[in-house]
Amino acid sequence: MTLRSQNIAAANIKNGNHLKAYLQSFGVRINQFVERRKGGAGPAEGITLILNGRAVTVPVTCNFASKSPYAIQYKSGTHTLLENGSPLSEVKIPSPPHFYSLKTKDGIPYSKIALLHGSNCLASTVFQKCIYWNSNKRCTFCGIELSLKSKATILKKSPQQLLEVAKVASELDGVQHITLTTGAQAHSSDEIHYLSSCCSCIKSGSNLPIHVQLMPPADLKLLELLKKSGADTVGIHIESFDLGVLKKVAPNKAEKGLKYYIKAWKEAINIFGINQVSSFLILGLGEKKDSVFEGASLLSELGVYPFIVPLRPIPGTPLATHKPPHPDDMISIYQQTSTLLKRHGLSWRNSKAGCVRCGACSALPDFEDE
Ligand code: SF4
């Protein structure tokens with residue numbers, strides 16, 4: 001073991017939250033015995049493991065993961081996390097949920113309708129195409145149509161299919177909340193009407209809280225329809241506050257402009273309440289360091305939870321060969337932002353549903369609890 005890795009090990013053993021940041025930045029080497037996601041919207045790719053009782057998503061197929069100092073070894077029913085070949089910590093790799101083995105009444109595998117995220121979140125991309133996918137306005141970090149191409153999912157999930165899977169996943173696998181996302185459509189009102197019909201149907205047969213992720217709609221009043229239909233929280237994701245970088249990695253978002261995002265967040269806060277609105281902030285897109293804390297400050301002042309995540313380069317996307325930031329940079333921004341959240345009375349604990357409540361893709365909730 002090198003001196004550098006000994007230092008890493010010492011830091012990790014001292015603090016499990018730091019280990020989470022290291023794993024998400026360096027990835028983990030695995031064998032074929034571990035199930036993994038290969039695409040999808042948002043920070044797809046990787047496996048979920050349970051570390052110190054909490055779900056953590058970690059990259060495994062990204063280029064850089066093959067050079068990671070971390071690996072998982074399976075022996076006599078136990079998974080051990082190794083660092084440079086030395087045992088570091090026991091981890092759990094959850095078995096595939098029971099609902100994955102079932103099919104809908106019309107013969108579609110439940111796993112093509114929705115997936116288990118983290119330890120208890122059911123997540124579905126209700127419409128798996130995006131109008132920007134084949135254009136120069138595509139978000140370069142997103143893999144939404146890759147899983148459609150590989151037939152791991154279907155194009156459109158009906159509200160009834162979502163309800164069917166939600167009920168069974170809740171009964172068999174202890175699902176406690178739902179995340180619904182969608183690719184952008186030509187008219188944002190179509191997006192919201194469809195998401196609303198999914199929310200109403202799910203709420204007609206279950207009490208599960210629902211998180212909806214969407215682009216800021218042209219008519220912001222439509223957010224009320226989502227709320228009335230049963231959505232409990234919303235994610236309106238700007239991804240980066242470095243607007244030069246945003247122009248390159250998510251031109252369609254940059255085109256909407258920061259002012260419009262602020263208007264949308266304010267409207268969403270009026271409708272859903274403080275702490276029930278969030279925005280992803282992806283680190284590692286080439287952004288200026290200061291832009292992250294400035295963005296997190298702006299969001300926190302509005303009552304929006306800044307969900308900070310390291311870049312997860314998905315194989316098959318334009319950013320496939322990029323690397324996440326160094327874990328020490330992630331740790332630094334997590335520490336600064338958790339102080340900010342406390343000052344503004346925001347916490348993952350108060351979020352009713354979605355990524356903020358799940359927390360598997362970010363170590364921010366863990367740093368909040370330090
Ligand atoms: S934080 Fe969000 S994207 Fe990540 S596993 Fe949880 S629900 Fe899925």
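Every residue in the stretch 101-118 that is within 16 Å of the ligand (Cβ to nearest atom) and either among the hydroxyl-bearing types (Ser, Thr, Tyr) or surrounded by fewer than 18 Cβ atoms within 10 Å (Cβ to Cβ) (or both), please. Outline the logic, then answer.
Taking the stretch 101-118 and keeping what is within 16 Å of the ligand (Cβ to nearest atom), we get 111, 113-118.
Scanning the stretch 101-118 gives a single hit, 111.
For the stretch 326-370, give me every one of the helices (runs of 4 or more DSSP H) that falls completely inside it and has 2 or more residues that are within 13 Å of the ligand (Cβ to nearest atom), under 17 Å from the mean Cα position of the chain (by Cα) and more than 20 Å from residue 288 (Cβ to Cβ). Steps first, please.
Numbers: elements: 327-343, 355-358, 364-368.
Answer list for the stretch 326-370: 355-358, 364-368.
Restricting to the stretch 291-321, name every residue that is surrounded by fewer than 24 Cβ atoms within 10 Å (Cβ to Cβ), on the phi < 0 side of the Ramachandran plot and of a type in the set (Gly, Ala, Ser).
291, 295, 297, 300, 320
Yes/no per residue for (1) at pLDDT 95 or above; (2) among the β-branched types (Val, Ile, Thr):
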position	(1), (2)
291	yes, no
310	yes, no
327	yes, no
331	yes, yes
350	yes, no
362	yes, no
369	no, no
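What's the number of the condition residue 218 fails, among (1) part of a loop (DSSP other than H, G, I, E, B); (2) in contact with a His (Cβ under 7 Å, 6 or more places away or on another chain)?
(2)
Tally the residues that are within 13 Å of the ligand (Cβ to nearest atom) and either without any contact (Cβ under 8 Å) to a residue 24 or more places away in the chain or assigned to a strand (DSSP E or B) (or both), restricting the search to the stretch 44-69. Give the steps one after another, and end with the answer.
Let us first name the residues in the stretch 44-69 that are within 13 Å of the ligand (Cβ to nearest atom), namely 44-50, 54-59.
Keeping just the survivors that are either without any contact (Cβ under 8 Å) to a residue 24 or more places away in the chain or assigned to a strand (DSSP E or B) (or both) gives 46-50, 54-58.
Number satisfying all stated conditions: 10.
Select from the stretch 119-146 the residues that are over 19 Å from residue 311 (Cβ atoms) and either part of a strand (DSSP E or B) or within 16 Å of the ligand (Cβ to nearest atom) (or both) and list them in ascending order.
119, 120, 121, 122, 123, 124, 125, 126, 127, 128
Check residue 314 against each of (1) within 16 Å of the ligand (Cβ to nearest atom); (2) at pLDDT 95 or above and name the one condition it does not meet.
(2)
The values are calculated or read from the model by the stated rules, or taken from the named source; none is laboratory data. Quick caveat: nothing in here was measured; it's all calculated off a predicted structure. For neighbour counting, all protein chains shown are included, and Cβ atoms are generated from backbone atoms with ideal geometry for every residue, glycine included.
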